[in-house]
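> Please see the structure below; I have some questions.
The values are calculated or read from the model by the stated rules, or taken from the named source; none is laboratory data. Predicted model, so just to flag it, every value in this text is computed and none were measured. No Cβ is skipped: glycine too gets one built from the backbone with ideal geometry, and neighbour counts run over all protein chains shown. In case anyone asks, the SASA skips ligands and DNA or RNA and just uses the protein heavy atoms, side chains included. Shrake-Rupley method; radii C 1.70, N 1.55, O 1.52, S 1.80 Å.
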Amino acid sequence: MKKRCDLHSHSTFSDGTLTPTELVRLAEEKDLYALALTDHNTAGGLKEFMEAGRHSNVITVPGCEFTTEWHQKEIHIVGLFFQEKAWPEIEDFLELVHIAKINSNHALIDNLNKAGFDITFAEAQALTSGDINRAHIARVLLNKGYVESVAEAFATVLKEGNGFYFPAKRITSIAAIRFIKTFGATAIMAHPLLNLTPEEMLEFLPEAKAAGLDAIETHYTEFDEEMTKTAVSLAEQFGLKQSGGSDFHGKAKPGIELGSGRGSLFVPYEFYEDMLACADGFKAD
């Protein structure tokens with residue numbers, strides 16, 4: 001059987017519902033050869049994740065997914081193979097982002113309260129080991145019966161422009177890529193065609209590659225065959241490597257399974273090897 005991996009997943013340290021240790025155990029059950037933890041804007045779960053990996057046959061990859069901005073577009077940049085000495089630096093780099101995010105979420109909850117939604121910051125905070133985000137607020141709204149699904153919450157009251165949510169200031173995509181490469185990690189554009197059109201990608205990728213971008217995700221849960229084909233073509237056009245992953249969040253994103261997404265996702269183990277080759281000085285266990 002051909003070996004597979006998953007290079008994009010989330011734990012309770014961001015908006016996932018499994019702990020880092022539980023993720024590793026699930027990866028074992030799914031017969032994955034390698035798994036990356038890429039929590040949003042934090043390295044908080046990496047110590048537990050890598051420790052679990054030392055007692056597992058699954059290769060664990062320490063990562064982080066940075067929420068960034070390019071020309072007022074939200075773009076997610078994944079860094080993989082951060083050495084342990086870099087983990088505190090990630091938190092320092094993102095400190096202002098964390099503060100802005102906390103303030104943004106307090107404002108969102110205040111706006112919802114004024115509109116008659118009875119929810120509190122503490123209820124959302126209880127759902128995570130890290131900073132809260134809209135996914136946690138969506139789950140509180142779901143638990144209290146205000147919406148029928150997390151997706152409905154994001155499409156209605158939590159949608160930017162609907163009067164309740166105003167995004168926090170983000171770091172630039174180029175700054176995030178340069179930061180990742182400063183520590184010798186691998187820089188990847190996550191789910192590219194969900195953020196930018198193919199035409200916008202043609203504008204973004206030259207800038208990103210000049211800053212050090214190594215790869216783009218070509219195999220992703222929400223990509224259909226045509227999107228995968230387009231992503232592969234863009235990677236080849238700009239001389240970038242390919243990565244991929246399920247973007248697993250556990251119960252926060254029902255229907256998305258670790259390693260297989262909605263059932264048809266297959267990220268070859270060779271992608272792990274290619275991403276490792278782009279990292280400078282990382283020693284895989």
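> Just for helices (runs of 4 or more DSSP H) wholly inside segment 180-285: which have at least 1 residues that are under 30 Å from F154 (Cβ atoms) and more than 18 Å from the chain's Cα centre (by Cα)?
In segment 180-285, 198-211, 225-237 are the helices (runs of 4 or more DSSP H) which contain 1 or more residues that are under 30 Å from F154 (Cβ atoms) and more than 18 Å from the chain's Cα centre (by Cα).
> Here is a follow-up. Say whether the condition of being touching a Gly at 6+ places or on another chain (Cβ under 8 Å), assigned to a loop (DSSP other than H, G, I, E, B) and not acidic (D, E) is met by at least one residue in segment 43-61.
Within segment 43-61, one or more residues are touching a Gly at 6+ places or on another chain (Cβ under 8 Å), assigned to a loop (DSSP other than H, G, I, E, B) and not acidic (D, E).
> Next up: From the list V147, V140, which residue is more than 17 Å from the chain's Cα centre (by Cα), part of a loop (DSSP other than H, G, I, E, B) and surrounded by 15 or more Cβ atoms within 10 Å (Cβ to Cβ)?
V147
> R25 passes all but one of (1) in a loop (DSSP other than H, G, I, E, B); (2) open to solvent by 10 Å² or more (accessible area, probe 1.4 Å); (3) within 16 Å of G250 (Cβ to Cβ); which number fails?
(1)
> Still on this structure, I have one more. Scan segment 157-170 and give yes if some residue there is within 30 Å of L276 (Cβ to Cβ) and either of a type outside the set (A, V, I, L, M, F, W, C) or part of a strand (DSSP E or B) (or both), otherwise no.
yes
> I'm trying to understand the selection: among the residues of segment 109-124, which are in a helix (DSSP H, G or I) and over 21 Å from T42 (Cα atoms)?
I109, D110, N111, L112, N113, K114
> For segment 88-137, give me each residue that is under 23 Å from N162 (Cα atoms), surrounded by fewer than 17 Cβ atoms within 10 Å (Cβ to Cβ) and acidic (D, E).
Matches in segment 88-137: D110, D118.
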